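Novice: Please see the structure below; I have some questions.
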Amino acid sequence: MTADVHARDLRYFVAVAQELHFTRAAERLYVSQPALSKQIRTLERQLGTELFRRNRHQVALTAAGEALLPHARQVLAAWEAGAAAVEAAKAAQRSTLAVGMSTSPGRGGLLPAIRSRFTAAHPGTSVRLRQVSWDDPTAGLADGGTDVAFVWLPLPGQERYDCTVVVTEARLVALPDTHPLAARTEIDFADLLDEPFLALPRSAGPLRDHWLALDARAGRPPRIGAEIAGAEETYEALVAGLGVCLVAEGNAPLITRGGVTTRPVRGLGPSCYALAWRREDGYRPLVRAYAQACRDTVGT
């Protein structure tokens, strides 16, 4: 069994094999010619065979040298790839991850818990939160402003993204305290069909349709009382009596301040809150790690 050799020895061997000249190979490697010759002789002793035939005028590979050369090149290429991977991992540890959201995840300290898990595994990474208007239902993913984002499903261009569902929540209806239906403990969606609804901007696409509950209207178009692009706008529009709106159960505290209440709705399916990322970014270590931290947190 041959002794282990250093990558340096293989690098020296390949240089000589390519140049077939010890002096030129030494210049290329920035070492002295005697040091290079000595190292090649050491390698030959370790392998128990000559790798080069030498005379005053010529250097040529032996049959053993010819056999070793492609394998030496493969080893050096693999080592360079491994070193590059290590550098990429080190860079990833030092980099920044942009996390988008249109409303704070809230929900029992979910965001701090995910951050804690993620930063414990990647202490050199900076997590930057970016608050995005409801005009962009992808919370910055579509324009590249965020790396991962907390979003509501469905997303426009859903095929571009992968996601992990964080929570599934009932859709409630938010309405002014003075609204006649506010006296009920639960409301049939059929009783809301003639009500004016607050709607997300048209740029929200299928998400706008979801919060207008088009799936439960049997083709009956909704009445739009106003468009809203944030929690504060929603609250003000509700208090002003411009319409009612559907809201996820976990987001109800954002708008149930003075003058606004929420009620359960019969006849509606739930809403899904998810962490999403661009499909082509799924290979990135930090994206994968944040998604895993999210799954682990939700799982506990």
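The values are calculated or read from the model by the stated rules, or taken from the named source; none is laboratory data. These numbers were taken from a predicted model, which means no experiment stands behind them. Every residue, glycine as well, gets a Cβ built from its backbone with ideal geometry; the counts of neighbours run over all protein chains shown. Note: accessible area is taken over every heavy atom of the protein model, side chains too, but ligands, DNA and RNA are not part of it. Shrake-Rupley method; radii C 1.70, N 1.55, O 1.52, S 1.80 Å.
Novice: Can you find, within region 133-143, the residue that is nearest to residue 88 (Cα to Cα) among those that are acidic (Asp, Glu) and surrounded by fewer than 20 Cβ atoms within 10 Å (Cβ to Cβ)?
Specialist: Let us first name the residues in region 133-143 that are acidic (Asp, Glu), namely 135-136, 143.
Subset that is surrounded by fewer than 20 Cβ atoms within 10 Å (Cβ to Cβ): 135, 143.
Working: 135: 35, 143: 24 Å.
Filtering region 133-143 for residues that are acidic (Asp, Glu) and surrounded by fewer than 20 Cβ atoms within 10 Å (Cβ to Cβ), the one nearest to residue 88 (Cα to Cα) comes out as 143.
Novice: Enumerate the pairs (first residue in region 69-91 and modelled with pLDDT of 90 or more; second residue anywhere and open to solvent by less than 50 Å² (accessible area, probe 1.4 Å) and among the charged types (D, E, K, R)) with beta-carbon separation below 6 Å, excluding pairs fewer than 6 apart on the same chain, so at least 6 apart or on different chains.
Specialist: none
Novice: For region 203-300, which helices (runs of 4 or more DSSP H) that fit wholly inside it have 3 or more residues that are open to solvent by 60 Å² or more (accessible area, probe 1.4 Å)?
Specialist: 231-239, 285-299
Novice: Select, from 66, 87, the only residue that is surrounded by fewer than 16 Cβ atoms within 10 Å (Cβ to Cβ) and either among the aliphatic types (A, V, I, L, M) or under 28 Å from the mean Cα position of the chain (by Cα) (or both).
Specialist: 87
Novice: Which of (1) part of a loop (DSSP other than H, G, I, E, B); (2) free of Cβ contacts under 8 Å to residues at least 60 places away in the same chain does residue 141 not meet, given it meets every other one?
Specialist: All conditions pass for residue 141, except number (2).
Novice: Further question on the same structure: Mind listing just one residue for me: the one in region 16-33 that is aliphatic (A, V, I, L, M) and either more than 12 Å from residue 52 (Cα to Cα) or not in a helix (DSSP H, G or I) (or both) and, of those, farthest from the chain's Cα centre (by Cα)?
Specialist: Ranking the qualifying residues of region 16-33, first place goes to 20.
Novice: List the residue pairs whose Cβ atoms are under 8 Å apart, where the first residue sits in region 20-33 and is at positive phi, the second is not in a helix (DSSP H, G or I), and the two are 6 or more positions apart or on different chains.
Specialist: Qualifying pairs under 8 Å: 20/58; 20/59; 20/60; 20/61.
Novice: List the number of the failed condition for residue 167; all other conditions in (1) among the β-branched types (Val, Ile, Thr); (2) open to solvent by 30 Å² or more (accessible area, probe 1.4 Å); (3) more than 25 Å from the chain's Cα centre (by Cα) hold.
Specialist: So residue 167 meets the others, but not (3).
Novice: Follow-up question, since we're still on this one. Pairs, please: C-beta under 6 Å, at least 6 apart or cross-chain, first residue under 18 Å from residue 132 (Cβ atoms) and in region 145-171, second of a type in the set (Val, Ile, Thr) and open to solvent by 30 Å² or more (accessible area, probe 1.4 Å)?
Specialist: Hits for this filter: 166/298.
Novice: For region 34-54, name all the residues that are in a helix (DSSP H, G or I) and open to solvent by less than 70 Å² (accessible area, probe 1.4 Å).
Specialist: Answer for region 34-54, where residues must be in a helix (DSSP H, G or I) and open to solvent by less than 70 Å² (accessible area, probe 1.4 Å): 35, 36, 37, 39, 40, 42, 43, 44, 46, 47.
Novice: Is it true that some residue in region 144-153 is of a type in the set (D, E, K, R), in a loop (DSSP other than H, G, I, E, B) and open to solvent by less than 50 Å² (accessible area, probe 1.4 Å)?
Specialist: yes
Novice: Go through region 165-202 and give me each residue that's hydrophobic (A, V, I, L, M, F, W, C) and in a strand (DSSP E or B). Working first, answer last.
Specialist: Within region 165-202, the subset hydrophobic (A, V, I, L, M, F, W, C) is 165-167, 170, 172-175, 181-183, 187, 189-190, 192-193, 197-200.
Hits for region 165-202 are 165, 166, 167, 172, 173, 174, 175, 187, 197, 198, 199.
Novice: If you don't mind, another one. Take the residues of region 101-132 that are modelled with pLDDT of 85 or more, small (Gly, Ala, Ser) and more than 15 Å from the chain's Cα centre (by Cα): which is least open to solvent (accessible area, probe 1.4 Å)?
Specialist: Filtering first and then ranking leaves 113.
Novice: Here's another thing I want to ask about it. Of the residues that sit in region 195-207 and are modelled with pLDDT of 95 or more and not aliphatic (A, V, I, L, M), which one is nearest to the chain's Cα centre (by Cα)?
Specialist: The qualifying residue nearest to the chain's Cα centre (by Cα) is 197.
Novice: Quick check on residue 191: is it at pLDDT below 95 and either surrounded by fewer than 20 Cβ atoms within 10 Å (Cβ to Cβ) or among the charged types (D, E, K, R) (or both)?
Specialist: No, not satisfied.
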